[in-house]
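Notes to accompany the following structure.
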């Protein structure tokens, strides 16, 4: 497996090169921002692009968008410090194959193997894919068991959160006010025992 890494923390890059190299994973390029990541991908055509989200200048999301626009089959995986990063849901909608937590270094090599096997990974765990395009058209998707306690409208809002929509977009798509959207999200969080909208999306995807 050949990968590129983009992270503005050189120590993270050097550490990952050692850890991944010991597992037979070749790091064929290292960058420090989104521009370098996009250039490296074009030059190296790696099996996986492992990108930090927040970097100086153009960030990982920008790089992912460039990479995936040129190569829709690209395996882009985000590496982040925070498991509840507000950008994660949009990253998945963009087409990323998942995200990993920097502090959980041991989970990175097996997670990359899952990605190579065609799976999506969240926090190192494989999850089933969701057809975001179909979901966006309002197709009837099976309700995850964990969401059984929600009303139909709460589940609809949860599904739209998982698609990466913000409150204004959800309000327009579901024909309700933004205040109502916020109320539904608060209710979903309370019923499911979650902390934020990213956890709603993760629960949906894992379901």
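You will find that of 5, 19, the residue that is assigned to a strand (DSSP E or B), under 17 Å from residue 113 (Cβ atoms) and in contact (Cβ under 8 Å) with a residue 12 or more places away in the chain is 5 and no other.
Say whether the condition of being assigned to a loop (DSSP other than H, G, I, E, B) and not assigned by TED's automatic domain parsing to the domain that holds residue 121 is met by at least one residue in the range 154-164.
yes
Among residues of the range 188-207 being at pLDDT 90 or above and not in a loop (DSSP other than H, G, I, E, B), the one that is surrounded by the fewest Cβ atoms within 10 Å (Cβ to Cβ) is 190.
The values are calculated or read from the model by the stated rules, or taken from the named source; none is laboratory data. Since we're looking at a predicted model, the values are computed, not measured. Backbone-built Cβ (ideal geometry, glycine too); neighbour counts: all protein chains shown.
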